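Just below is one structure, and these are the notes that go with it.
Nothing in this text is a laboratory measurement; each read-out follows from the coordinates by a stated rule. Remember, it's a predicted structure, so these values are computed and weren't measured experimentally.
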Amino acid sequence: MVDALPLERPDLYVLARHLERLWRENEPMLKTRLQVAANVNYDVFNRYLSWMLDRNLVALENSEDGHERVVLTAKGREAYLKLVQWINEVIKEELPK
Amino acid sequence: MRRNNLLKIVSATLVNVALIALIVKYAGSNLNFLFYAVFFIFVTLWGLIFYIIPRLDTATGTPKEVLQDLAHRLRSARYRVTEEPGRLSIQITPLVAVKVHAVADGANSEILYQADATPEGWTLLVVLFLFGDGFAGFPMALYHFIKARRFAEDQLRPQLPKGGIPRAKVGAGDIRDRLIDSLSEGHRLAAEAYEATQSRYEDRWLILGCGAVFLWMIALVTLSVGLQDSILARNPAYLLIIPSAITIAILVPSVWSTRKWFKPRIDDYREWADRLRKALEKETVHETTESPESSAFELIAQAYRQVPTWLEARRKGSFSREPGAWMLIFTCAIIAVLLVMFAIILYSFLIWSFGLLIWSLVLLIGAAALIGFCYLLYFRLRGRANEEGSRTLKDWNYRLDVMHQKMVKYLEEL
């Protein structure tokens, strides 16, 4: 279970890093692997994980080997899609010559 | 063949026939008429190659949908694609590009293609045209058309949507599609900035090289004339060493400052282009392995902060951005120089008469008017470019701020 200080305002890019890694993995991911991929320390990782769990962006799964794994939920995928859509819209607008 | 293309070919042929008829009538006794006749034919064919827009096929969907879908497919195939209203511009080789047009045809779209050239390609074509009297550029123009046609037939036609554009699906595919689009656009802008700056850097080297030779010759002539009776003139080695030393003394700081200004920028643009290209390649092959880049999203967001700089660098290669205006300036400047030369010849070498003096003055006034026109045009181009630059920066930063606020607000409301 994640027990960390609550995150007041997540950094957009750090959050996107977590969501993107989970989206790419497309299956439950070991917490330590996700932490390394997101390039944050354990404390920060726990705070982000807790924030994402509270909002149902990710879920925790217990696997047979006893390790907890993180998986992206449909809501998490949709949130990441929205972020990607917005960044795509910026360049989609007509660029000056 | 489309009616428009047929009209273009017929009208070009008629103009050609009329010009050749005029040449035969007024210069018939001169053997040069044959040269001019062939020249006009080549120039017309040259123009037609880039002017006609052959039909490729029909695709399902509105022009906007078809072009968007096509742009995405081509980006996924790692082509450099620029979206413009009603058409796409695709770079297929470093010199050749193709424009793809979509025109509404009921519920479908008619797809047309047009041979085009990249800025480097246009530069080469213009050089061949100017120094080859129109003949040398023709095979190159024909090569552009053949490449464009082959690309349209082999690469474009199979990509055209038949039986409906697949609707955007919420899932992995859609996220990946959008990441590919964003990375590809970022890569295109960074690569264009790199190429434009590299090209300016090479132009600067050429100017410095020519300037050095010119300076050396001026110094040599001045010393030879000025030091005729001096002790230095007795040793010819001095006459070579002194001009060389003067040239080096002036050239070295110029080379140093040029290199200092250009090198970091070129390296920076290339580095960005490489980072985005690698991320794009990774995305297009659905690679999931860990990479040095933390995330594609973050890379895109960082890259977008650089976009105004890249647009500015691209814009500074203004010859390729507005070749028509620059060609006009170049042509007017050459004519003005010729007019001044004629005026001097008339005034100096011919038997003096009031009529010739008037003609000299007319030629000088004409030259002054042309130089004034060049200056005004250049001033206008520069003013417009500066205005565009500041507007771009403001507009782009506003877009990024709006996007960032939207994202933060969304996360807060989750």
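Of note:
- Across the stretch B:322-414, the relative contact order, built from alpha-carbon pairs under 8 Å that are at least six residues apart, equals 29 percent.
- Both radii are taken from the alpha-carbon atoms of the protein assembly as shown; with Rh as the Kirkwood radius, Rg/Rh is 1.10.
- Between 0 and 90°, nearest 10: helix A:42-54 axis offset from chain A longest Cα axis: 80 degrees
- Cross-link pairs beyond the 24 Å C-alpha cut-off, checked among B:LYS263/B:LYS316; B:LYS8/B:LYS99; B:LYS162/B:LYS278: B:LYS162/B:LYS278
- The stretch B:112-160 versus the stretch A:59-78: alpha-carbon centroid distance in Å: 54 Å
- Taking the square roots of 5 times each eigenvalue of the Cα gyration tensor of chain A, largest first, gives ellipsoid semi-axes of 27, 15, 12 Å.
- Under the criterion of Cα pairs below 8 Å and six or more residues apart, the relative contact order for the stretch B:172-314 equals 51 percent.
- Cα gyration tensor shape of the stretch B:50-169, rounded if a/c is under 1.5, else prolate or oblate by comparing a/b with b/c: prolate
- Value of relative contact order over the stretch A:12-91, rounded to a whole percent, pairs C-alpha under 8 Å and six or more apart: 33 percent
- Gyration tensor (Cα) of the stretch B:322-414, equivalent ellipsoid semi-axes in angstrom: 58, 9, 6
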